[in-house]
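Presented below is the structure to which this report refers.
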Amino acid sequence: MDFGTALPTTPEEVHVLITDHFRRHFQSSSSAADDLHSGDLTWESFNAESFEDFQRRHSPLGIPMSSDPSQDLLRNLWSALRSCPSRQLVHDELQPLLHSAPSFDEFQLAIRSKRGHSAGGPSGLLYDHLKHWPLSVQQEAYRCLTTLWLDRTIPASWLWKWLVPIPKSSSKQVSDLRPIMLMEVLRKVWTGLIVRRILGALLKHRVLCPSQHAYLPSRGTDTANIQLLNTLEDSWSRRSSLYGSSWDMSKAFDSVSRPLIILCWQRLGVPVELAQWLVALDLGGHAIIRSDFALDLLDQQGMEALLPHSFTPERGTGQGDIHSPFTWLAVFDVLLTMLAADTDSPDHIY
């Protein structure tokens with residue numbers, strides 16, 4: 001592994017070096033126009049403002065303007081952020097979830113459906129342990145989780161997570177390590193129940209852009225390829241030019257600001273209390289590199305000894321968390337909606 005500096009000689013030095021790398025990786029970045037990322041902008045205030053207000057506040061970004069409103073990138077972004085015709089239907093369907101918890105039957109089914117060998121968080125609790133709990137213990141755990149849900153309280157143990165650095169292919173650069181997060185399994189079970197309700201409402205009311213193919217039932221690279229083939233055939237039959245590009249989003253899950261995540265969930269109709277709860281799962285959290293040093297320290301001195309050797313991610317949604325893929329869908333849906341709003345021309349098909 002290329003550390004890009006003096007080679008560490010002890011397990012603690014390796015831990016410190018990788019921790020410092022990911023602390024920088026998850027630091028909030030500044031922007032010339034940061035109202036979408038600062039938390040000062042609410043959904044209500046955003047929808048009450050005019051495009052001219054939005055344009056004035058984002059002029060420092062230097063986005064080129066166009067005399068044709070349909071080709072103005074900033075106007076298209078403003079329109080896409082406000083565009084979700086069925087959001088009220090989603091909002092109304094999810095509103096009861098704020099006042100009632102998923103059922104005990106759903107909780108039991110979620111536990112039974114989990115793979116036993118899946119890794120857990122720093123406490124060491126695994127899905128296999130949950131499966132072997134007596135009925136009385138499962139009922140007590142459910143009762144506690146229901147109370148926490150109705151109070152919107154995040155247990156302190158849910159804020160701890162292992163960060164497992166996974167190399168990208170054969171790269172030996174520290175900068176190419178992927179930060180996979182290992183969460184507490186009870187957090188994942190309960191979050192999964194909440195996200196299942198949210199995703200069900202989004203799919204039922206068809207609020208997501210049809211160009212979404214990732215992380216959704218009955219969709220994937222196969223359905224995306226069909227769309228690509230149809231576009232190629234259409235272009236061929238019309239004898240028109242067609243240009244394509246492939247994009248790899250660097251630090252995709254890790255770079256989105258928490259306030260923007262909340263706005264994008266609200267855009268789709270998710271009640272703000274639900275969006276804030278999902279984001280609160282990571283606020284003030286503790287990420288610990290799952291190194292030999294950290295594992296030995298945990299074994300000898302317990303969780304609190306890990307605190308000085310952890311860091312708090314300031315942005316993003318952890319890869320490996322239940323809601324992370326759907327959070328990314330909510331954010332990326334804005335950009336796909338922008339593209340969908342573009343119209344065909346004799347030379348280009350969108």
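When the residues of segment 60-86 are filtered to those that are hydroxyl-bearing (S, T, Y) and modelled with pLDDT under 85, which remaining residue is surrounded by the fewest Cβ atoms within 10 Å (Cβ to Cβ)?
Selected residue: S67.
Which pairs do you get when a residue that is without any contact (Cβ under 8 Å) to a residue 40 or more places away in the chain, found in segment 134-159, comes within reach of a residue that is of a type in the set (G, A, S) and not in a helix (DSSP H, G or I), reach meaning Cβ atoms under 8 angstrom, with the pair 6+ apart or on two chains?
Filtered contacts from segment 134-159: S157/G121; S157/S123.
How many residues does segment 176-215 hold that are closer than 16 Å to F332 by Cβ and outside any helix (DSSP H, G or I)?
9
Applying the selection to segment 262-276, what residues are within 14 Å of V331 (Cα to Cα), open to solvent by 10 Å² or more (accessible area, probe 1.4 Å) and in contact with a Lys or Arg (Cβ under 9 Å, 6 or more places away or on another chain)?
Answer for segment 262-276, where residues must be within 14 Å of V331 (Cα to Cα), open to solvent by 10 Å² or more (accessible area, probe 1.4 Å) and in contact with a Lys or Arg (Cβ under 9 Å, 6 or more places away or on another chain): just Q266.
Does V279 count as free of Cβ contacts under 8 Å to residues at least 24 places away in the same chain, open to solvent by less than 50 Å² (accessible area, probe 1.4 Å) and not small (G, A, S)?
Considered against the rule, which asks whether it is free of Cβ contacts under 8 Å to residues at least 24 places away in the same chain, open to solvent by less than 50 Å² (accessible area, probe 1.4 Å) and not small (G, A, S), V279 comes out as yes.
Which pairs have Cβ atoms under 7 Å, sit 6 or more apart or on different chains, and link a residue in segment 188-207 that is closer than 22 Å to K161 by Cβ and among the small types (G, A, S) to one that is crowded, with 18+ Cβ neighbours inside 10 Å and modelled with pLDDT under 95?
G192/I322
Consider only pairs whose beta carbons are under 9 Å apart and that are at least six residues apart or on different chains; among these, list those whose first residue lies in segment 255-275 and is outside any helix (DSSP H, G or I) and whose second residue is among the acidic types (D, E).
Pairs found: S257/D34; S257/E314; L268/D333; G269/D92; G269/E93.
Out of segment 18-70, which residues are under 25 Å from R267 (Cα atoms), without any contact (Cβ under 8 Å) to a residue 24 or more places away in the chain and either in contact with a Gly (Cβ under 8 Å, 6 or more places away or on another chain) or not in a loop (DSSP other than H, G, I, E, B) (or both)?
Within segment 18-70, D35, E44, S45, A48, E52, D53, Q55, R56, P69 meet the criteria.
Does segment 116-124 contain any residue that is exposed (fewer than 15 other Cβ atoms within 10 Å of the Cβ) and not in a loop (DSSP other than H, G, I, E, B)?
no
Assess whether G244 counts as being under 30 Å from L41 (Cα atoms), part of a loop (DSSP other than H, G, I, E, B) and open to solvent by less than 90 Å² (accessible area, probe 1.4 Å).
no
Test V207 against the criterion of being within 17 Å of the chain's Cα centre (by Cα) and closer than 21 Å to T337 by Cβ, and give yes or no.
Values: within 17 Å of the chain's Cα centre (by Cα): no; closer than 21 Å to T337 by Cβ: yes.
No.
Restricting to segment 127-156, count the residues that are more than 23 Å from the chain's Cα centre (by Cα), within 22 Å of L182 (Cα to Cα) and part of a loop (DSSP other than H, G, I, E, B).
Qualifying residue count for the region: 2.
The values are calculated or read from the model by the stated rules, or taken from the named source; none is laboratory data. Small disclaimer: the values here were computed from a predicted structure and weren't measured. Heads up, the Cβs are rebuilt from the backbone with ideal geometry, glycines too, and the neighbour counts pull from every protein chain shown. Calculation scope for accessible area: heavy atoms of the full protein, side chains included, ligands and nucleic acids excluded. Shrake-Rupley method; radii C 1.70, N 1.55, O 1.52, S 1.80 Å.
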